[in-house]
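Everything on this sheet refers to the single structure shown next.
Rule-based calculations on the coordinates, nothing more; no lab input. From a predicted model like this one, the values you see are computed outputs, not experimental measurements. Virtual Cβ from ideal backbone geometry, glycine too; neighbours counted across all protein chains shown.
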2 protein chains.
Amino acid sequence: MSTTPKPLECLKGLKVLDLSQFEAGPSCTEALAWMGAEVVKVENPKLGDPGRAAVFGSPDKDSTYFLIFNANKKSITVDLKSAEGKKLVLDLAAKADVMVENFAPGAIERLGLGWDVVSKINPGLIYAQVKGFGEGSPYEQNLAFDMIAQACGGVMSISGMPDGPPIKPGATIGDTGTGMLLAISILSAYVEKQRTGKGQRLEVAMQDAMLHYIRIAFATQARTGVVAGRAGAKMLSGVTSPGGIYPCKPGGPNDWVYIYTSRGNEEHWKRLARVIGRPELADDPRFSTTAARAEREKEVDEIVGVWTRTQTKQDAMRLVGEAGIPAGAVLDTMELINDTTFDDRAIMQTMAHPKVGPFKMPAWPVRHDGQPAEVKPSPLLGASTADVLKGWLGKSEDEIAALKAGRIAG
Amino acid sequence: MSTTPKPLECLKGLKVLDLSQFEAGPSCTEALAWMGAEVVKVENPKLGDPGRAAVFGSPDKDSTYFLIFNANKKSITVDLKSAEGKKLVLDLAAKADVMVENFAPGAIERLGLGWDVVSKINPGLIYAQVKGFGEGSPYEQNLAFDMIAQACGGVMSISGMPDGPPIKPGATIGDTGTGMLLAISILSAYVEKQRTGKGQRLEVAMQDAMLHYIRIAFATQARTGVVAGRAGAKMLSGVTSPGGIYPCKPGGPNDWVYIYTSRGNEEHWKRLARVIGRPELADDPRFSTTAARAEREKEVDEIVGVWTRTQTKQDAMRLVGEAGIPAGAVLDTMELINDTTFDDRAIMQTMAHPKVGPFKMPAWPVRHDGQPAEVKPSPLLGASTADVLKGWLGKSEDEIAALKAGRIAG
């Protein structure tokens, strides 16, 4: 089976003015672009979104970091320090359905593009902001990045080995995790706008957004009365045994298989006992109940580990999974990028970037009528200036040439 | 400042038929409920969503796990094994805008509620499914839970100490992370439906969804050609120094502060040198450039750690943050739940549950016109049966009584 991606048209006609940078804002607007919205990045003429140069990008060659968060967008450069440039952005805001920004606290207001200003020009505008900390938080003036949000939002405190320091999950929950929540609120506000014509102001703080992703830890804490701790690869919410990762051959850093026997289904253990060649343990009273196994967790883990060490993680996953027990190999990013079934399903797509060249990346993972959204290249800096000035503002070629000559837009 | 939550009306009139269970599906439909949709959980009459009993809930007292993922919803119980019960759900599906399910592969089809069936009854239906693995994946028949998705989707491989085993982040990226992406596609499909009248089929696999949250790791791998590894609390994407967590007094498991000096801003180091009482290091050539500090990373970490050990994490965060350097204390779940500024901002709200009693939990973190969505209690099993049968299907009181007497609906 091979799936052809398609340009989705769900959000056809939705205009997004995107002043956001790095990841939290751009991941949000990119999701909207994949759904068919017209997303126009407004960038400074010199270097643009600092994400272009971040992590070893250069002015001649955008970083892979930039490509991955800015697919399917347009770019226009505007000198926001000039009165004429600011006027141009206000004119664009007057035409937009959505405006998104994630500058440092107070910066958008200093640019003269705050909610008070633009909502008067366009009462139908959905004005969406990402900050590190919420208005009214003691830290509301502080800067934040992904790792600061993960630290202050509780994510790090519940990630790591029980006897080790907190670790920062490799997933950028602070950035993309926040961006996804904002996208949900933007789309909901857009549905309301189609009914009422009215816009609204949306604000999300990265610290606050983290709480949404660790609600299991709050549920557990509410039940136990004790602060949620760190559990390595095991579950925070209570003991299931066997449950966790088990070592596989040939013993590399990611040669592990996750096996999870549900507390609610004693069949899992019976089946596993057969898979690992220890059928006599299925009904052994030392192991036959969840409670009994939880008491002998180390012993159980060792019994399972004796078998998993004789298997590759893929074989272990297949054999345990086929027996109807949830199991998953710990796959690394190289194994994932080289697994061609992701290409066949268009979950991985290759962006044809005009300067960087072909770049394979994960696409939007939800399939619409069987097809994933098509990944189109991230824009070169200012690539769509004329297109947008004409399409959104009806500027003539002469007017556009004058704006370019005056270094207002480029 | 104290913020009053409000019932949001963004999605007023949107009808969601929710056959989902546990977390991935319910987190998605709960987000829609917070935005104002009418979400009706269809549950089996005996025990309902297994999440009610999961993690130490009981039939008389829903688990905190259930409360946290099912706020603001309605519940109707239907015996899906009876022909009349199935007919009832098909009648509800005919009235719904959205139907969501996350049963094991093939189960919804065996229930006679597959896409082929319901799309014929309601061509405007948005039919949204969560599976563990994608159609066409070698593992498409496998079961998955949060931890399996985190293992197979690369998240665990990039989380943990560099010399330690993979860990599973405490955040439930596999479940809630997947649910949020599905919500974005559902809302986009709903926007399209309002234009075209047509529904669509949406499918997301939890493994695929994980790739979306670890795109930085793919960007880094693309740049370096080497598989992404584990970096403890540090960043995967490259060295910034100082950057990471630093120990604070009194030395408890979460007494750490994250300090991040940007590679792009040398001012950060100069300011930090002053904050930590070592102003002479600001211009010391051994430390004055990013490259120099990266070479002496351990030495730099020790210099910063000497100072942080004299501070609490809160003081360190405040002092470093006020100097304009991104910093964040590693806050634990108890500190977060006890921080009343979250209550003041209604980021934490207390659900008045009729049986469990008051239950404080994180609310939807995006504020709409300054106000967060109001958290309403999760429904008792079958609490809204009569309400929904009347409201959606126009059933009379006698008809409803007959359905209840025949144990078709309860």
For the stretch B:38-86 and the stretch B:89-151, distance of Cα centres in Å
18
Relative contact order of the stretch B:68-221: what whole-number percent is it, with Cα pairs under 8 angstrom and at least 6 residues apart?
25
Overall Cα dimensions of the stretch B:243-335, principal axis frame, Å, largest first
42, 23, 20
With springs connecting C-alpha atoms under 10 Å apart, model chain A as a Gaussian network and identify which of A:Ala233, A:Ala346, A:Ala209 has the largest mean-square fluctuation.
A:Ala233
When the charge dipole of the protein assembly as shown is computed with +1 at the Cβ of Lys and Arg and -1 at the Cβ of Asp and Glu, the Cα pointing farthest to the positive end, of B:Ala329, B:Cys28, B:Leu319, is that of B:Cys28
In a GNM of chain B with a 10 Å cut-off on Cα contacts, which of B:Pro242, B:Pro372, B:Pro253 has the highest mean-square fluctuation?
B:Pro253
The answer for the net charge of residues other than B:Glu135 whose Cβ lies under 9 angstrom from its Cβ, with Lys and Arg +1 and Asp and Glu -1, is +1
Suppose only helical runs count, i.e. DSSP H with n ≥ 4. What mean residue ellipticity at 222 nm does that imply for chain A under -39500 (n - 2.57) per run, divided by all residues and rounded to the nearest 500 deg cm²/dmol?
-10500 deg cm²/dmol
Angle in degrees between helix A:297-308 and the longest Cα principal axis of chain A, rounded to the nearest 10
80
Where the label is 7 Å out from Cα toward Cβ, how close does A:Asp369 come to the same position in every other copy, in nm, shortest first?
3.6
Top of B:Leu32, B:Leu211, B:Leu393 by mean-square fluctuation, Gaussian network on chain B, Cα under 10 Å:
B:Leu393
Measuring label to label, 7 Å along Cα→Cβ, what does B:Val239 give against each other copy in nm, shortest first?
4.3
Computed over chain B: relative contact order in percent, which uses C-alpha pairs under 8 Å that are six or more apart
19
The protein assembly as shown, dipole about Cα centre (Lys/Arg Cβ +1, Asp/Glu Cβ -1), debye to the nearest 20
620
With respect to the cross-link table entries A:Lys193/B:Lys74; A:Lys234/B:Lys73; A:Lys6/B:Lys193; B:Lys86/B:Lys198; B:Lys95/B:Lys355, which display a Cα-Cα separation exceeding 21 Å?
A:Lys193/B:Lys74; A:Lys234/B:Lys73; B:Lys86/B:Lys198; B:Lys95/B:Lys355
The local net charge around A:Thr176, scoring Lys/Arg +1 and Asp/Glu -1 for residues other than A:Thr176 whose Cβ lies under 15 Å from its Cβ, equals -3
Go through the stretch B:9-45 and name the trypsin sites (Lys or Arg not before Pro) that are in a DSSP coil and have 15 or fewer other Cβ atoms within 10 Å of their Cβ.
B:Lys12
Compute the Cα gyration tensor for the stretch A:1-102, then decide on rounded, prolate or oblate, letting a ≥ b ≥ c be the square roots of its eigenvalues: rounded whenever a/c is under 1.5, prolate when a/b is larger than b/c in the other cases, and oblate in all that remain.
oblate
Dipole of chain B, Cα-centred, from +1 at each Lys and Arg C-beta and -1 at each Asp and Glu C-beta, to the nearest 20 debye?
340
Segment A:Ala94-A:Lys46, extension gain: residue separation times 0.36 nm, minus the distance between their alpha carbons
14.8 nm
Whole-number value, in Å³ per residue, for the convex hull of the alpha carbons of the protein assembly as shown is 156
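Taking a ≥ b ≥ c as the square roots of the eigenvalues of the Cα gyration tensor of chain A, is the shape rounded (a/c under 1.5), prolate (a/b larger than b/c) or oblate? Mind dumping the intermediate values first?
Values: a/c = 2.63, a/b = 1.99, b/c = 1.32.
In terms of gyration-tensor shape, prolate.
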Once you charge only the Cβ atoms, +1 for Lys and Arg and -1 for Asp and Glu, what is the size of the charge dipole of the stretch B:243-335 about its Cα centre, to the nearest 20 debye?
80
Points 7 angstrom from Cα along the Cβ direction at A:Ala83 and A:Ala352: gap in nanometres?
4.6
Low-density loop positions, trypsin sites (Lys or Arg not before Pro), the stretch B:345-378 - DSSP coil, at most 14 other Cβ in 10 Å:
B:Lys355
For A:Pro250, inter-copy label-point distances (7 Å, Cα→Cβ), nm, shortest first, read 5.1
Within the protein assembly as shown, the percent of DSSP beta bridges that are antiparallel, given to the nearest 5, stands at 45
What FRET efficiency would be calculated for the residue pair A:Ala401, A:Lys12, taking the C-beta separation as r and a Förster radius of 41 Å, to the nearest 0.05?
0.85
Of the beta bridges DSSP finds with both residues in chain A, what % are antiparallel, to the nearest 5?
45
